[in-house]
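The values are calculated or read from the model by the stated rules, or taken from the named source; none is laboratory data. Everything numeric in this text was worked out from a predicted model, so none of it was measured. All Cβ positions, glycine included, derive from the backbone under ideal geometry; neighbour counts span all protein chains shown. These accessible areas exclude ligands, DNA and RNA; they are computed on the full protein's heavy atoms, side chains included. Shrake-Rupley method; radii C 1.70, N 1.55, O 1.52, S 1.80 Å.
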Amino acid sequence: MDPTDLQPWQWPEAQWRAIVDRVRAGRPLRPRDWPDGARCAVALSFDSDHETNELRDGGESIGRLSQGQYGNRQGVPRILDILHRFDVRASFFVPAVSALLYPDEQRRVIAEGHEIGIHGWIHERNSVLPAASERELQMRSCDTLESICGVRPVGIRTPSWDFSANTLAITREMGLLYDSSLMADVDCYELMMDGENTGVVELPVEWIRDDAVYFNMNRFAALRPYTSPREVFDIFRREFDGALREGGLFQLTMHPHITGYRSRVWILEELIRYMQSQSGVWFATHADIVRYVKQHAT
Ligand SMILES: [Zn+2]
């Protein structure tokens, strides 16, 4: 019998162990202290998916594409204005197609001191791609962002956090500093592949700290927002409070085309105001936090 025909409950131990060990959290990377005596670190991120959320499944809905364009016309400017007002640096993860549609947006993000990281070509799902296609797209996306922004990305966030069995090997081959798509911890850690250290750092995300989970809506499916902005703010604030109490890391993911509305963007503003009212909070890009923890891990 072909071993691939076996059902999971029939798998030999070596088979399920190999699946689990393909990509694994290794050494924790938690510094004893944060820079300048800070008590915790804050990593804000914005995934500028814009029209690629529609395009990636072959969709051509003009209505949904217009929601993507809102991300560029209203979402990103509102977010950048808040970051500027509070003097906070953040990370933007941008599909190459978004960057090609809106090169000026990316140049403004870089000019204002933020980081731009890889976020796929057209927000493709890595786990359904052949390995060679994933590798080619990831490399081409990096080159495209570099040619538009003038800065070569050092990190990746896989689109929809869809991380294939090949993603880490490609990320390591490219010499990237970090990934930010996985969820094995609240603090940074080194990624392991097949039981070996890779040197690639994970700055972990969580759906709990992602606006899309609470606010996504599709007119022709059953998907509707199910949490009020006030409650979303409360969840994010409690996640931050825990990081401050534990001396750890608070990472947040938002989307310009989801959060960049008058009734929601206040969540970001209030959250930053609240975090800045606490003493000893270090705001930094994902790349800067990863560089720091790599150097100062206990
Ligand atoms: Zn995305």
Revision key, fill the gap. When the range 148-189 is checked residue by residue, the ones that are away from the ligand (no atom under 16 Å from the Cβ) and outside any loop (DSSP other than H, G, I, E, B) are Ile148, Cys149, Leu168, Ala169, Ile170, Thr171, Arg172, Glu173, Tyr178, Cys188, Tyr189
Exercise for review: Find the residue count for the range 117-147, including only residues that are of a type in the set (Gly, Ala, Ser) and within 16 Å of the ligand (Cβ to nearest atom).
Suggested key: 4
Exercise for review: Any chance you could count how many residues in the range 190-219 are out of contact with any Pro (no Cβ under 7 Å at 6 or more places or on another chain) and part of a helix (DSSP H, G or I)?
Suggested key: 6
Check your understanding: Of all residues in the range 1-22, which are open to solvent by less than 70 Å² (accessible area, probe 1.4 Å), among the charged types (D, E, K, R) and assigned to a helix (DSSP H, G or I)?
Key -> Asp21
Study note, to complete from the structure: Taking the range 167-177 and keeping residues surrounded by fewer than 21 Cβ atoms within 10 Å (Cβ to Cβ) and either in contact with a Leu (Cβ under 9 Å, 6 or more places away or on another chain) or β-branched (Val, Ile, Thr) (or both) leaves Ile170, Arg172
Review point. From the list Ser141, Ser98, Ser180, which residue is open to solvent by less than 20 Å² (accessible area, probe 1.4 Å), closer than 21 Å to Gly199 by Cα and out of contact with any Pro (no Cβ under 6 Å at 6 or more places or on another chain)?
Key: Ser180
Review point. Somewhere in the range 119-128, is a residue open to solvent by 10 Å² or more (accessible area, probe 1.4 Å), in a loop (DSSP other than H, G, I, E, B) and touching an Asp or Glu at 6+ places or on another chain (Cβ under 7 Å)?
Key: yes
Check your understanding: Yes or no: Leu44 open to solvent by less than 40 Å² (accessible area, probe 1.4 Å) and in contact with a Cys (Cβ under 7 Å, 6 or more places away or on another chain)?
Key -> no
Exercise for review: Count, please, the residues in the range 25-62 that happen to be away from the ligand (no atom under 16 Å from the Cβ) and free of Cβ contacts under 8 Å to residues at least 60 places away in the same chain.
Suggested key: 4
